[in-house]
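The values are calculated or read from the model by the stated rules, or taken from the named source; none is laboratory data. Note that the structure is a prediction, hence the values are computed from the model and not measured. Backbone-built Cβ (ideal geometry, glycine too); neighbour counts: all protein chains shown.
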Amino acid sequence: MRDIREDLRERLDILAAERAKLQMRVQAIELQEASYKAALREEEARVAQSSSENQTNPLPFPTASAVLLGPVIMRVMRAKGRPLALDEIRDEIVNSGMFDFGEKKPGRSVHFGLMSLQNGGELTRLVDGRWTLPQSASADPQVSSSTAMRGGQSVLGGLVEGRGA
């Protein structure tokens, strides 16, 4: 009889990777959901205020808390112009009030926003864990091999780095 233990271990590894990918997707959806809820709260407050003031012209632009997190992260990265750690990015966003995290934990939300931007090729993660814009990272020898090989497209690249592999 053939020993299938190795086959079972391989399948478990595949399932673990699949689970991690799906968890990242769920968390990205939760982040989007929080953004839309914040936008809705802001819009409801604006409508209530304009109704009470009997204004007929609504604001022609969204308020800061109605903005999705990705563009806010990119604004911070461009403003700083250097690689930043997750904590630096989170603190900058929280202290500036550029984004309403609602009931979500800012660090977790920023982390998944960073992962989403990495997957979209808009940010690159360095070996030391800091994040950078691709144009400045492409010539940087500190760019992680998993990110460099996949062009920032792999969710697993970030997860493997996090496990130290």
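The residues of region 46-71 that are part of a helix (DSSP H, G or I), under 27 Å from the mean Cα position of the chain (by Cα) and modelled with pLDDT under 85, listed by number, are Ala64, Ser65, Ala66. Annotation: of all residues in region 10-25 being surrounded by 11 or more Cβ atoms within 10 Å (Cβ to Cβ) and not charged (D, E, K, R), the one that is modelled with the lowest pLDDT is Met24. Against the definition (assigned to a loop (DSSP other than H, G, I, E, B), at pLDDT 90 or above and over 21 Å from the mean Cα position of the chain (by Cα)), how does Asp7 come out, yes or no? No; evaluated as a whole, the condition is false for this residue. If you go through region 85-106 and keep only what is among the small types (Gly, Ala, Ser) and either within 19 Å of Arg130 (Cβ to Cβ) or free of Cβ contacts under 8 Å to residues at least 60 places away in the same chain (or both), you end up with Ala85, Ser96, Gly97. Taking region 99-123 as the range and being over 13 Å from Arg75 (Cα atoms) and of a type in the set (Phe, Trp, Tyr) as the test, the residues that pass are Phe101, Phe112.
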